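Single-structure report; data block below.
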Amino acid sequence: MIRRIALLLVLAGALAASCAAAARSSGTTLNLVAYSTPKPVMSVLIGAYQKTAAGKGVSFTQSYGPSGAQARAIAAGQPADIAFLSTGLDVDTLVDAGLVAANWGHLPYGGIAADSQVVFVVRPGNPKHIGTWSDLIKPGVQVVTPNPFSSGSAKWNILAAYGAMRKAGKTDKQAVGYLKQLFQHVVSQDSSGANAMTTFLSGKGDVVITYESEAIAARETGANIQFVVPNPTMLIQLPMVPLKSSPNYAKATQFIQWLHTTAAQEMLARGGYQPVEKAALQRYRSKFLPKGRMLFRITDKLFGGWRQANKTWFDPNTGRMVAIERSVGGPGG
Amino acid sequence: MRRFLPRVVALGYLLVVLLAPLGMVFYRTFQHGAAPVWTAISSPEAVHAFELTLLVTAIAVPLNTVFGICAAFAIVRRRFPGKGLLNAFIDLPLAISPVVVGLSLYLLYGRTGWFGSWLTAHGIQVLFAWPAIALATVFVSVPFVAREVVPTLRELGDDQEQAARTLGASGWQTFRRVTLPSIRWAVVYGVVLTTARCLGEYGAVAIVSGRVAGKTETMTLLVDDDYQNFDLSGAYAAALVLAAIAVVVLVVMTLTKPKEEAA
Amino acid sequence: MADALGIAAVRPRRAAPRGERLGTSLTLGVVTTFLGIVVVLPIAALVWQSKGQGAHGFWSVVSSPEAVAALELTLGAAVVVALINGVLGTITAWVLVRDSFPGRSLVNAVIDLPFALPTIVAGLTLLALYGPSSPVGVDVAFTRAAVVLALLFVTLPFVVRTVQPVLHELDVEMEEAARSLGAREPTVFRRIVLPNLLPGILSGVALALARAVGEIGAVVIISGNNPYRTEVASVFVMNRIESGDPAGAAAVAVVLLCIAFAILLAIGGLRFLLTRHERA
């Protein structure tokens, strides 16, 4: 008796699922697969787009998750028309899978939707007076940053730390020495930037290194934090690309084009992201880039672009971070 | 004193490891009142997540129940080579971390996986759709019914079954009319545990579901989603619903398990 | 419980009639097919992937200092947790079966909570309770103790639930007999009760070990995941996947699986030996 009911349940469930799958909306559907935090700002943007002539009748599905995991999912077959990820490295994963054109860097604005920068998030009132990279290695300061092998955010952080040291005149050896010291102060290495932020919010650590956009997003939802922009720091460039494999390639490209209009970029700016479009950037410059601040980029000779930087620093077997992690925690370290 | 010490030790252990965290879930959820909790669990995304979770559970539970009963019967009542091996394989899903489950499903059903090209050629979407979520959930909940029925079958002994056979009942009749009723409560208990496990699965599903809001998010993914977006009250609300279902299920089980309680 | 006293019940072994053998084959066929598709196939894909870089690649990942540290932490913590569970779980089962106090059925029901609660929720609450903002002033977050704590939570039900049924079926008369013959409590426990409980305890311990070795959800939130210090093997595997080395991830995952498999087989065998007297 019970078995019969159970069987009916299974059949009903399967039927419901297939019905749901079969019911497709008329008009185009664009599948957006994005990294974890742009959800609020993308909801606003999508809503605005659907009110324009080009966006009428276009519906969206949205998926948010850790950038690397999302890129791997797309490479493994997740239906996607637009990928909005947090590092160019994750886009290269899609290039290697044959899903994105290898010359995506030649897209308008270099394929970048918006920018951010590496900042320090501290407790209210900044009790430990953390403002510069050297402050991070002051005695007693506890730092939270994600695991550099798994998290895009952590990669930005480490390259930013190294770059800041080199820009301040230190040699390569001294800069690496700084990184070793920094990691001695690291108390938690979560797998993603979002997890690192929640670790910090749960009370651990004096400072978490993260994206400015994440800091602003957290603050908007009432988190009790403030953030400091160190000088110099690294420009974070967030790529949004259409997928070659998408059946709606033209529509996807249209959306991305719209995203680069002044109006859309201003929405991004209000959401905590640095615009890339000239007019919007001009208007919001003072909010994000006060005078006298130095920003360096992944394309600087120091790093040589994502592929080079990733190989040098974050290869799981031969990357420079392997030795640094080992010297901090490993045998004899 | 003889009674007192073990009681204190046991209750203290349970309090620290189990009861206090449970209380914490309730506290954290309702910290800001009941209204945000209701908003969180009645949003369309939450409702859909609930439906998807139930669908997947409705698939996994019957499958694993039938499997568990058959496997338990074979292991306890029959002789065949490789019994220990079968036993170990049944328990193995307990040992596999969900991340590994997700990875292995990618390896099988992903675009470049063992069945990838066949699936793409036939337009069948396994990964990033409900079939993969169901597969992952079935995988992780395999052991529970078998684990409950095996010791019960062992303890019961097969005297009654032998008697039925000598009276002329066939194998199937004996199974249906003697064995099954005698393991009824073990099966119920196992079903309850399986259901709870299905409802709570997160790691493997997070990897294979595609996390498409409103389409392939289960309740546990919703908890994570809210948590990642700093919507802590939303996260705890969804978590509380899951915990509440678990508690209800436990209570139902306690009420329907008469034998064990008559000390 | 004549068997428990060592008096072997003489039961003639009858040859299985044809119908029964057919039924057995059919059942076994269904069971192995299901298990094959659901469990064995994914594991096979995993093993195949771990061979991706060849034996040399396999070994270099598995023997890398970070992997070794993670494996040591995982196994060490799992053993500690299994032992704690073995002792405290048995005591808890004893109290729940033999003792009576108000709220006992509630406590009994709650034992299964770790099975029911999603592991991330468990991790979150443990962090809230025993982490930096702990209301009871206990902060063990981001230490190895946190790993043990998280694992204790998720493995708590195993020993309790495998020992309880045995305790229920245990014949009190044997203990009474021993007491009336002059044996004191510890002796009664050690010589009458414990040998009967041991197979149940062992089953529970094996399951707890297997579970602890693979746990990630609760541990990942509270342990800090610092490589070489508080990173468990499952987190190491996850990081390898995330950094684009699925073969290395599969290698360590396969090692973990082999360990779990070996534990399950070994304890299954031990059970078999211990309960030998119960079979004709």
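List the helices (runs of 4 or more DSSP H) that sit entirely inside segment B:12-87 and contain at least 1 residues that are within 14 Å of chain A (Cβ to nearest Cβ) and modelled with pLDDT under 80. Qualifying helices (runs of 4 or more DSSP H): B:20-29, B:35-42.
Just one of (1) outside the structural domain of A:G55 (by TED's automatic domain parsing); (2) modelled with pLDDT of 90 or more; (3) more than 21 Å from the chain's Cα centre (by Cα) fails for A:N317. It is (2).
Residues in segment A:40-62 that are touching a helix residue (DSSP H, G or I) at 6+ places or on another chain (Cβ under 8 Å) and either assigned to a helix (DSSP H, G or I) or among the acidic types (D, E) (or both): A:P40, A:V41, A:V44, A:L45, A:A48, A:Y49. Across segment B:152-173, a minimum of one residue is classified as closer than 28 Å to C:P199 by Cα and touching a Pro at 6+ places or on another chain (Cβ under 9 Å).
Test B:L127 against the criterion of being closer than 22 Å to C:E242 by Cα, surrounded by 20 or more Cβ atoms within 10 Å (Cβ to Cβ), in contact with a Pro (Cβ under 8 Å, 6 or more places away or on another chain) and not polar (S, T, N, Q), and give yes or no. In short, no. Of all the residues in segment C:29-72, those that are within 30 Å of A:I324 (Cβ to Cβ) and either within 8 Å of chain B (Cβ to nearest Cβ) or not in a helix (DSSP H, G or I) (or both) number 5. Count of segment C:98-113 residues, restricted to those that are more than 7 Å from chain B (Cβ to nearest Cβ) and touching a residue at least 40 places away in the same chain (Cβ under 8 Å), is 2. Only one of the numbered conditions (1) in contact with a strand residue (DSSP E or B) (Cβ under 7 Å, 6 or more places away or on another chain); (2) within 19 Å of A:D81 (Cβ to Cβ) is not met by A:S245, and that is (1). Quick one: is B:A20 surrounded by 12 or more Cβ atoms within 10 Å (Cβ to Cβ) and among the aliphatic types (A, V, I, L, M)? Yes, satisfied.
For the residues A:T210, A:T221, A:T199, the requirement of being polar (S, T, N, Q) and modelled with pLDDT of 90 or more singles out A:T210. B:A46 falls short on exactly one of the conditions (1) in contact with a Leu (Cβ under 9 Å, 6 or more places away or on another chain); (2) closer than 30 Å to B:V150 by Cβ, and that condition is (2). Taking the criterion of being away from chain A (no Cβ under 11 Å) and closer than 30 Å to B:T112 by Cβ, would at least one residue in segment C:163-178 satisfy it? No, segment C:163-178 contains no residue that is away from chain A (no Cβ under 11 Å) and closer than 30 Å to B:T112 by Cβ. For segment A:248-274, a residue qualifies if it is surrounded by fewer than 23 Cβ atoms within 10 Å (Cβ to Cβ), assigned to a loop (DSSP other than H, G, I, E, B) and touching a residue at least 60 places away in the same chain (Cβ under 8 Å), and the qualifying residues are A:N248, A:H260, A:G271. For segment A:63-108, the set of residues classified as under 20 Å from A:F303 (Cα atoms) and out of contact with any helix residue (DSSP H, G or I) (no Cβ under 8 Å at 6 or more places or on another chain) consists of A:N103, A:H106, listed by residue number. Selection over segment C:231-254 of residues that are closer than 18 Å to B:D91 by Cβ and more than 10 Å from chain B (Cβ to nearest Cβ) gives a count of 0. Scanning segment A:290-319 for residues that are within 14 Å of chain C (Cβ to nearest Cβ) and buried (at least 16 other Cβ atoms within 10 Å of the Cβ) gives A:W306, A:A309, A:N310, A:W313, A:F314, A:D315, A:P316, A:G319.
The values are calculated or read from the model by the stated rules, or taken from the named source; none is laboratory data. Only a predicted model underlies this, so the values are computations on that prediction, with no experimental measurement involved. Virtual Cβ from ideal backbone geometry, glycine too; neighbours counted across all protein chains shown.
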